[in-house]
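The values are calculated or read from the model by the stated rules, or taken from the named source; none is laboratory data. Quick caveat: nothing in here was measured; it's all calculated off a predicted structure. Heads up: the accessible areas ignore ligands, DNA and RNA and are worked out on the full protein's heavy atoms, side chains in. Shrake-Rupley method; radii C 1.70, N 1.55, O 1.52, S 1.80 Å.
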Amino acid sequence: MAKPVLIAPSILSADFSKLGAEIAAVEAAGADWIHVDVMDGHFVPNITIGPQVVKALRGHAQKPFDVHLMISPVDPYIEAFAQAGADGLTVHPESGPHVHRTLQLIRKLGKKAGVVLNPATPIDALDNLMDLVDLILIMSVNPGFGGQSFIESQLAKIEAARKRIDATGRDIALEVDGGITPATARRAIAAGATVLVAGTAVFQGGPSQYAANIAALRG
Ligand code: DX5
Ligand code: ZN
């Protein structure tokens, strides 16, 4: 039987005035991973949080920290995020000149290495990286903001990534990020996703709704 899908709430949609409490609340509501969106106002048109905040939050969480780095250049900050308590670090091939080296560095630091493909980034970007990745993230919106609509064309890319993962015989996570709702969650799972990132769909309605919101995404 297939493993149940994992839900990774994106704290981008949480109440930033009480992030520690928000993380504790989504964990109590059934979150599997905590997805942390790091943005620099340069690689993407929004600025969020840095390693100091990740470090401060780490003590409030039990679940793995899935850190999505939308910063360029990314290499100078990998070690700081690793030391801050990230369990996995996911990078865009466009965020530095040598993504292969970046993934090697993440592995060397003992963290799970992820590569993330923007909606316009072809699946072939994975060609020479499969042996270095523990996670593949398919963006189903253009990165930068929560609350956008799921881009349909990415379903075919999820299916293509699923085939490539199965061909390796390894347990590589296939994560989807952006515009996930109960309806798009079902389609992403059918296409082969094993981890769903959701911001709006988890945090809408406040803490009393988190458990129901997460359950609705599991299908
Ligand atoms: C977008 C981020 C996403 C975002 C998802 O750049 O990578 O993680 O927070 O938000 P929703 O689920 O609202 O589309
Ligand atoms: Zn993200």
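What to note about this one:
- Region 6-218: antiparallel DSSP beta bridges as a percent of all, rounded to 5: 5
- Mean-position separation - Cα centroids, region 173-209 and region 32-63, in angstrom: 18
- With every protein chain in place, region 6-218: carbon and sulfur % of accessible area (1.4 Å): 53
- Residue-averaged 222 nm ellipticity for the chain, from DSSP H runs of 4+ at -39500 (n - 2.57), nearest 500: -10000 deg cm²/dmol
- Eigenvalues of the alpha-carbon gyration tensor of region 6-218, scaled by 5 and square-rooted, set the equivalent ellipsoid semi-axes at 24, 21, 15 angstrom, largest first.
- Unsatisfied cross-links (Cα-Cα over 26 Å) in the set K3/K157; K55/K157; K3/K111; K112/K163: K55/K157
- Surface analysis of the chain yields an accessible area of 44 Å² per residue, using protein heavy atoms and a 1.4 Å probe.
- Each residue was assigned an accessible area with a 1.4 Å probe, and for I49 the value is about 20 Å².
- At least 18 Å along the helix axis (C-alpha) and Kyte average at least -1.0, DSSP helices within the chain: 154-168
- Applying the Karplus relation 6.51 cos²θ - 1.76 cosθ + 1.60 with θ = phi - 60° to region 37-45 yields 3J(HN,Hα) values of 8, 9, 10, 10, x, 9, 6, 9, x Hz, where x marks Gly and Pro.
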